[in-house]
Structures are given as structure tokens and as C-alpha cells.
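As C-alpha cells, the structure follows; a few thoughts come after it.
The values are calculated or read from the model by the stated rules, or taken from the named source; none is laboratory data. The structure displayed is predicted, hence computed values, not measured ones. Every residue, glycine among them, receives a Cβ derived from its backbone with ideal geometry; neighbour counts consider all protein chains shown. Keep in mind that these areas ignore ligands, DNA and RNA; they rest on the heavy atoms of the full protein, side chains included. Shrake-Rupley method; radii C 1.70, N 1.55, O 1.52, S 1.80 Å.
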Amino acid sequence: MKLSLAALCLAALTFFNVSAQVTVEVMLDQDQFLPSESLPATVRITNRSGQSLHLGADANWLTFDVESADGFIVVRHDDPPVVGEFDLGSSEVATKRVDLAPYFVLTQSGRYRIVATVHIKDWNTDVTSAPRGFDIIHGAKLWSQTFGVPGGPSNQPPEVRKYTLEQANYLRSQLRLYVQVSDDSESRVFKVETLGKMVSFGRPEAQLDRLSNLHVLWQNGGAVFTYAVVNPNGEVLETEIYDYVNTRPRLSADDNGDIIVVGGVKRVKAETIPAVKAPNEMPAPAALTKP
């Protein structure tokens, strides 16, 4: 009995020492997510052990556990891929970013906690983070439209999917607009993507083009509108900002059936403005030659 107690005390002391030398922290970009929305978690590992650690060689060097604060079980589809070897020197910090949404069923609203565990193979020791809490919330549906996915076999009916626009009160102080791509019944969700903030008094415009891309125009400020194009996989292809100058921006179809924005003034993106070179960077003038 004394031996067991001593072994237990030694194990506890070892765990305390390792936890003080190597720390693990889970960080999230936001505290609230919609069901099936991308959930990127950043794990920060700090090494103060005085030794260099070799991590990332095994599939289980970094594992995640997600649990519900309300008591129901969170189903895990698979373990997120984390393999990638690296050395973490003493007094160095490493970060690993993983999207957890595809690997855990997070469709029920409520409070959740993420715990990350780093296995240090050379020490045969695990270091666990403190729980990081977040909420799954449901948005309010503003608009939806079914559509056929282009590009399928010509001798079969097209696959039917649905676009849904939702608004959610992020952090109870800012409305955000989301787009969801699902099957017709919404039992299978392919992608949930945030489009950006919106004003409470505005209602987004939405139209589909001949390629089944979704065009959305919504107000996100007193005189500012955002325009986005989303493809049938839920990927945002394009975003533009329009200012309400003289006329209000709105969606319209041109003669070719393409959706365009008419009215307002489109802002010029910084990356499209040519760089201005300093005088010393300009090419030397060509030497003059006598006729």
C-alpha cells in the first residue's frame, strides 16, 4: 500500500513538473459558431524544459476531445490530420491550426469545450490543455433556393442542392450573414461560410446565375454594401465593396443572363492599384544619340 501511494505521488509530481515545463493552450478566433461552420482551433505549445522536443511524427502526437457542457455525447467521425514532424527548441513556441468541424458532429445548439493533448513520445508523457469553451448557435433563415448542380452526366437528373442565407447575432452585439449549402432536405450540409457583418435593418438580395452560382448583395453599414459570389460547393469566389453614392446598389441580370451590380460606386481594391516607384527605382533614361 505504501509503495502504491509513493508511486502515485511520484506520478503526480512528474506530471506537475512536465506541465510546468511544457504548456498547451487552445485558442479560437471566435466564441460562437453555426452548426457545421468551419471551426479552426489553434494549439499553442510552449517549451520551457531546457530540452529540444521532437513532435509531429505520429498521428496521435496531438489529439482533441470535444464535449458538451449540457451532457450529451459529441460524435467523432475521425481524428483530425496533424502529422508533420518538427523540433521545438527550449524557450520556443509552436502553433498548429486544425479545423475541427469535419471531424466532430456539432449540430446541436449549446455550450461545448475543447481539450487538446500533446503526447511527448521521448518522455512517454501527455500534456493537456485547459478546456476552451465555445457555443453552437442557430441563425435565423432569411432566404433559401434549391438548384441543380451543373456538370453532371447528361443522361441523369442533376443533383439538387439548396442555398440558405442565415443571420446570427454574433457575440450578441453584431449581426453576421452566413451562407449554407446543403441537400434539399438540409439533412446533409456541405458547407457553412460566413459572408460578413450586416445591419439589422437591411435584407440581403440573392440571385442565381446560369452556372448556379449564388450572388448576394447586402448592407453592412450606413451607406456600405458588400457583394459576394458563392459556388455550389459553398466556396466564396469573389467579394466587392460598393458605396451608396447617388443611387443604391442592387442586383440585376444582363442580356447574357449574368448577374451584375448596378448603381452605387465600387471601391477600388488596394491590390489593384499600381505601385508608385521612388525616383531612384525608375529606369535610367536612354542615352541620346546624335543624328
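Counted by Cβ distance under 13 Å from ASN213, the other residues give a net charge of -2, where Lys and Arg count +1 and Asp and Glu count -1. Counting Lys and Arg as +1 and Asp and Glu as -1 over every other residue whose Cβ lies under 12 Å from the Cβ of GLN180, the net charge comes to 0. Based on the alpha-carbon gyration tensor of region 101-197 and its eigenvalue square roots a ≥ b ≥ c, which shape applies: rounded if a/c is under 1.5, prolate if not and a/b is larger than b/c, or oblate? Here region 101-197 falls in the oblate category. TRP143 contributes an accessible area of around 70 Å² to the protein surface, as traced by a 1.4 Å probe with all chains present.
Against the criterion of solvent-accessible heavy-atom surface with a 1.4 angstrom probe, LEU217, LEU208 sort, most first, into LEU208, LEU217. Straight-line cross-link reach from LYS197 at under 18 Å between alpha-carbon atoms covers these aspartates and glutamates, not counting any fewer than eight positions away in the same chain: ASP29, ASP31, GLU37, GLU166, GLU205, GLU235, GLU238, GLU240, ASP243. Charge tally around THR146: other residues with Cβ under 12 Å, Lys/Arg +1 each, Asp/Glu -1 each, net -2. Once you divide the Cα radius of gyration of region 41-175 by 2.2 N^0.38 Å, the number left is 1.44. Working note: Debye formula, equal point scatterers on the alpha-carbon atoms of region 183-248, no solvent; log10 I(q)/I(0) at q = 0.16, 0.18, 0.27 Å⁻¹ is -0.60, -0.73, -1.24. Built from the Cα atoms of region 139-179, the convex hull projects on average onto 3.3 nm², one quarter of its surface area.
Quick one: in region 141-260, what % of C-alpha pairs are over 25 Å apart? Percentage above 25 Å: 25. Averaging the sequence gap over all C-alpha pairs within less than 8 Å and six or more residues apart, then dividing by the number of residues, gives region 196-252 a relative contact order of 26 percent.
Applying Stokes-Einstein at 10 °C and 1.306 mPa s to the Kirkwood radius of region 24-114, computed over alpha-carbon pairs, gives a translational diffusion coefficient of 110 µm² s⁻¹.
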